[in-house]
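Take a look at the structure set out below.
Quick note: the coordinates plus some simple rules give every number you see, no bench work behind them. Please read these numbers as outputs of a predicted model, since none were measured by experiment. Quick reminder, even Gly has a Cβ in these numbers, built from the backbone with ideal geometry, and neighbours come from all protein chains shown.
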């Protein structure tokens, strides 16, 4: 039956890295053809691959070029083909044990063989050890990782103050999990971890801020964090009228400069005591405005009205939103499938020189299907 089936096809030029394909559906089977591997028939190549949801996420059956060269068959058992659905609520990866967290600036988290990468967003829980040890102040905050080693990752947080104590000894319940699709709506509310006052104000966030130059922003700074003069309300001059700043420059994915002159403002307080944790509200910065769909780009060089791009990572994708600055609720939900960098396993032995998604510059054709009837 095909009355309600969905089908899509396309192609891309591989970079040798994981490839995400966005679709209006999450397929239950996928076929890929590496045209370059067919053209240049060589050992370690994977000319074709097939995945069905019955195989499980991250698997694939493949054609594999063995020594000879001869075409053989194999499988991919990890980092193969998988689907994703970034829907209306956050989804998480498996929890992993936290070994320790340094009381430093920035804080470094130890998790054995975590497998995370720079740009991944994580949330930690269960960081309380005793009344005077542990780091419960940062539990529940989303952090986009800034640096990694095999067993550690670095987050944007200053934990060097006297009210922080290092977490150690793999305490039971101290866990971390990855937020699979953290940017469902952009720009989201951002937790602030640093504020540098001056004639302009430099702000650091724990996640990618996803702001654009010219973006109007508002602050929510609780009293315990010090720099409450940034708050959009109350406005002592015009009661009921919020005070907004705007982004004048972007330093990196986590840091931007705001137009507000904060020279006379109270310094930001990074040294939060454990006693403040129950009911603690974190400082936040968020965008204001609401331009969410339609419109045309005025000019690519306009400093205040760029065509929205998201997220603000290395490879940014333009949207149809414009010509004004995007608001707080650009819909970034998505679904589709992922082609990973898994190795072909031939007679039980993985070929670590093979790559399902192909080598850099390989031309890959794909077909995706969602069947209306699936039987075991």
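Descriptive notes on the structure:
- Using only alpha-carbon positions in segment 193-269, the gyration tensor eigenvalues give semi-axes of 19, 15, 11 Å once each is multiplied by 5 and square-rooted (largest first).
- For segment 88-182, the Kirkwood hydrodynamic radius from C-alpha pairs, put into Stokes-Einstein at 25 °C and a viscosity of 0.890 mPa s, yields a diffusion coefficient of 187 µm² per second.
- Cβ-to-Cβ counts within 10 Å put 263, 287, 170 in ascending order as 263, 170, 287, the fewest first.
- Kirkwood Rh and Cα Rg combined as Rg over Rh, evaluated for the chain: 1.03
- Listing 132, 354, 14 from fewest to most neighbouring C-beta atoms within 10 Å gives 132, 14, 354.
- Each of residue 54 and residue 38 was given a label point 7 Å from its Cα along the Cα-to-Cβ line. The distance between the two points is 2.5 nm.
- The alpha carbon radius of gyration of segment 23-130, expressed as a multiple of 2.2 N^0.38 Å, is 1.54.
- Computed [θ] at 222 nm, deg cm²/dmol, the chain (DSSP H ≥ 4; -39,500 (n - 2.57); rounded to nearest 500): -500 deg cm²/dmol
- For segment 76-118, the share of alpha carbon pairs falling in successive 10 Å distance bins from zero is 17, 37, 32, 13, 0 percent.
- Cα-derived Rg over Rh, computed across segment 138-203 with Rh taken as Kirkwood radius: 1.00
- Full extension of the chain segment joining residue 347 with residue 20 gains 114.8 nm, where the gain is 0.36 nm per residue of separation less the Cα-Cα distance.
- Fewest-first sequence of 372, 362, 120, 189 by Cβ atoms within 10 Å of each Cβ: 372, 189, 120, 362
- One decimal place: the segment residue 71-residue 367 gains 104.4 nm when fully extended, by the rule 0.36 nm per residue minus the C-alpha distance.
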